[in-house]
Amino acid sequence: MNKYKVLETPAFLLQAKPWSETSCIATVFSREYGLVAGIAKGAKRPYSVMRPILSHFQPLLISWSGKAEVKTITQADFDGFLAIPSKILMSGWYMNELLLRGLPKEDPHPIIFDEYTYALESLCAGIDERSVLRRFEWYLLKELGYGDSEVVPDFHDLSSELALRQHLRTKIETYIFQYELNTRKVVQSIR
């Protein structure tokens, strides 16, 4: 794998921050390269070919070049379409925050990428977000080496969801984060 020039790799945008009047620094999660930060020049222009890089929760094909920590994103195209209902956006932001804070840069995690894709597709299909999020959290912890050696839980059994959620959240806070997640603060302030 050539890390210095990557062409059309499957990825999702996790975060975009303004960099200049027309550009942004995008952090993408790619199946083969993990978390990658890159400058998307001109992405904020209305008719830019880089405009797809600003699409959260959409499957993308991303190309970039560069050896530095922050790459230059050279191309961004859609790789399908997910009809994201507005009611699941907080779940999507929560998963993005887990990935941004939990994964090391440029370390591939294809199983986590596949689980993220599955979670987004499941949320779009109307599957209960509690089941989807517990599954995502469980596989994230397992792949990062903090999972249980126990049998995979029944994520669709909502009668045991509260206990599973508390168990997973304790592990997430203990092993991955030492402070409260921003998405939790936002949800609590809305309530």
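Just so it is clear, none of the values below were taken in a lab; they were calculated from the coordinates. All values reported here derive from a predicted model rather than from experimental measurement. Virtual Cβ from ideal backbone geometry, glycine too; neighbours counted across all protein chains shown.
Sorted on the mean count of surrounding Cβ atoms within 10 Å across their residues, most packed first, peptides 99-112, 142-155 read 99-112, 142-155.
With the convex hull of its Cα atoms as the shape, the stretch 86-190 has an orientation-averaged projected area of 6.9 nm². Close amide H partners of Gln58, meaning residues 5 or more places away or on another chain with modelled amide H under 5 Å apart, are Leu13.
Among the chymotrypsin sites (Phe, Trp or Tyr not before Pro) found in the stretch 73-117, those both in a DSSP coil and sparsely packed, with 13 or fewer other Cβ atoms within 10 Å of their Cβ, are Phe81. Report the normalised scattering of the stretch 1-151 as log10 I(q)/I(0) at q = 0.12 Å⁻¹, calculated by the Debye formula with identical scatterers on the alpha carbons. These q points yield log10 I(q)/I(0) values of -0.49.
Taking a sphere under 15 Å around the Cβ of Pro110 and counting the other residues whose Cβ falls inside, with K and R at +1 and D and E at -1, yields a net charge of -4. Think of each Lys and Arg Cβ as +1 and each Asp and Glu Cβ as -1; about the Cα centre, that makes the dipole of the chain roughly 840 debye. Compared with the dominant principal axis of the Cα atoms in the chain, helix 129-143 is inclined by about 80°. To the nearest 0.05, how large is the calculated FRET efficiency for Arg130 and Thr174 if R₀ is 25 Å and r is the Cβ-Cβ distance? So the FRET efficiency works out to roughly 0.75. Rounded to the nearest whole Hz, the Karplus-based 3J(HN,Hα) values (6.51 cos²θ - 1.76 cosθ + 1.60, θ = phi - 60°) of the stretch 73-90 follow the sequence 6, 9, 7, 9, 10, 6, 10, x, 8, 10, 7, 7, x, 4, 5, 9, 4, 5, with x at glycine and proline. Neighbours of Gln58 by Cβ distance under 13 Å: Lys/Arg scored +1, Asp/Glu scored -1, total -2. By DSSP, what percent of the beta bridges with both residues in the chain are antiparallel, rounded to the nearest 5? If I count the DSSP bridges inside the chain, around 85 percent turn out antiparallel. Between amide H atoms placed 1.01 Å from N, distances below 5 Å from Thr74 occur with Ser63, Trp64, Ser65, all of them 5 or more places distant or on a separate chain. Stretched out straight at 0.36 nm per residue, the stretch from Glu69 to Arg51 would grow longer than its current Cα-Cα span by 4.3 nm.
Per-residue ellipticity at 222 nm computed for the chain from its helices equals -10500 deg cm²/dmol, with DSSP H segments shorter than 4 residues left out and the rest contributing -39,500 (n - 2.57). Distance between the 7 Å Cα→Cβ label points at Glu32 and Lys87: 3.9 nm. For the stretch 9-78, the alpha-carbon coordinates run over 30, 25, 17 Å along the three principal axes, in decreasing order.
For the residue pairs Lys44/Lys87; Lys41/Lys142; Lys44/Lys67; Lys5/Lys171; Lys17/Lys67; Lys41/Lys171, alpha carbon separations beyond 32 Å are given by Lys41/Lys142; Lys5/Lys171; Lys41/Lys171.
Any idea what the relative contact order of the chain is, in percent, if you count C-alpha pairs under 8 Å spaced at least 6 apart? Could you put the intermediate results ahead of the total?
Values: 321 pairs, mean separation 33.7, N = 191.
Dividing the mean separation by the residue count of the chain yields 18 percent.
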